[in-house]
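Each remark here refers to the structure printed beneath this line.
The values are calculated or read from the model by the stated rules, or taken from the named source; none is laboratory data. In this text, all values refer to a predicted model and were calculated from it rather than measured experimentally. As a convention, Cβ positions derive from the backbone with ideal geometry for all residues, glycine included, and neighbour counts pool all protein chains shown. SASA here: full protein model, heavy atoms, side chains in, ligands and nucleic acids out. Shrake-Rupley method; radii C 1.70, N 1.55, O 1.52, S 1.80 Å.
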Amino acid sequence: MADTVGFIGLGIMGKPMAKNLMDAGHELVVFNRTREKAEELAGDGATVAGSPREVAERSDVVITMLPDSPQVEEVLTGEDGVLEGIKEGALVVDMSTISPVVTEGLAAKVKEKGASMLDAPVSGGDVGAIEGTLSIMVGGSEGDFERARPLFEAMGKTVTHVGGNGTGQVVKAANQIVVALTIEAVSEALVLGSKGGVAPEKILDVLSGGLAGNKVMEVKREKMLTHSFDPGFRIELHHKDLGIALVAGREYGVTLPVTALVDQMLQELRMRGRGDRDHSALLTLIEDSSGHEIGS
Ligand code: NAD
């Protein structure tokens, strides 16, 4: 018989991911802190549980898609949490973006219960979650990865096993560094070029053709040129992710000097009330400090 799948955390990402699992024929038991979000999936055939513990009692595989490390720790190890109800031989798959260090600790606690854990953070945003085209980077044992592969394939397109517990989160942190620092570099280039008298779209056209070309210039082009910063991926979430990268750098003894700088820029944007804007709004910080809005 196919595994019954528990799903905890039905937000922007979790809800469409859970829906794609049901569309692929998996039986789902769901829980969310705000119960209405779980009830919405009941209409599609999901069973709504009263606690993470109940989800674990009724499932063979438990997936979590929560904001950050404290929430994943609470849902797994807290009162009425997953570990209180988990079956022997069950699999926990955390798809949230959290600290690799916290993940390693949680994997050890899951193991003490005779179960196992994968960290499987994603990239591809809400569109990738809805369309089932996420990139999924997975840390844990090969056997657990193979067991979860059909579930990953219902939610994503590029599914990669990258190593042992925690390594999925390490790769995700590396991804978030490159994306944030690229947005920052594109922002500086745009403001310098524009204040120097060049049309911003021309700057992107020319740079895209050479070594400077990158996906941020393509995917965030419209948002940056028109200053329409509805998310997308929110500044506050990217700030959280650079925090994760910096803590991991400290733990592993790696210097991340420019990541630290961009982390502070995202912090400033949050303090200026722009935490809910798309991360491409990093542009506005360079514009503010340069006294110039691109294209003006
Ligand atoms: P979200 O805030 O929309 O969803 C989180 C959900 O978890 C909410 O429904 C919330 O009610 C629920 N929740 C919070 N605490 C809970 C608890 N203690 N018990 C049960 N439910 C609880 O966030 P999201 O955008 O769906 O992101 C989820 C994760 O995916 C984050 O780690 C984020 O960094 C990552 N991520 C997001 C995106 C994106 O584009 N939004 C892209 C890639 C990765």
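Spin-label point model (7 Å from Cα, Cβ direction): what's the Leu261 to Val198 distance in nm?
Using points 7 Å along Cα→Cβ, the separation is 2.0 nm.
Which log10 I(q)/I(0) values, to two decimals, does the chain give at q = 0.14, 0.15 Å⁻¹ under the Debye formula with one point per Cα?
-1.00, -1.11
Report, to the nearest 10°, how far helix 257-271 tilts away from the longest principal axis of the Cα atoms in the chain, using its own Cα long axis and a range of 0 to 90°.
For 257-271 against the chain, the angle is about 90 degrees.
Say each of Glu74 and Glu36 gets a label point 7 Å from the Cα, pointing the same way as Cα to Cβ; how far apart are those two points in nm?
Roughly 1.9 nm, to one decimal.
Just the projected area, averaged over all directions, of the convex hull on the alpha carbon atoms of segment 118-170: how many nm²?
Details: hull surface 12.1 nm².
For segment 118-170, averaging the hull's shadow over all directions gives 3.0 nm².
Measuring with a 1.4 Å probe in the full set of protein chains, what accessible area per residue, in whole Å², belongs to the chain? If you can, show how the numbers build up before the last one.
Working: 13430 Å² over 296 residues.
With all protein chains present, the chain gives 45 Å² per residue.
Per DSSP H run of n ≥ 4, the term is -39500 (n - 2.57); total these for the chain, divide by its residue number, and report the mean residue ellipticity at 222 nm rounded to 500 deg cm²/dmol. Mind dumping the intermediate values first?
Numbers: 15 runs with 163 residues, N = 296.
It comes out at -16500 deg cm²/dmol, rounded to the nearest 500.
If all Cα-Cα distances of segment 55-198 are sorted into 10 Å bins from 0 onward, what percent lands in each bin, rounded to whole numbers?
Final binned percentages: 12, 38, 29, 11, 6, 3, 1.
Using only C-alpha positions, report the orientation-averaged shadow area of the convex hull of segment 172-296, nm², one decimal.
Values: hull surface 30.1 nm².
Dividing the Cα hull surface by four gives the mean projection, 7.5 nm².
For Leu118, what residues show an amide H to amide H distance below 5 Å, using hydrogens built from the backbone and excluding near sequence neighbours?
Val92, Val93, Asp94
With a 1.4 Å probe and every protein chain kept in, tell me what percent of the accessible surface of the chain is carbon plus sulfur. Display every interim value, and only then the final one.
Details: 6980 of 13430 Å².
Answer for the chain is 52 percent, counting heavy atoms of protein chains only.
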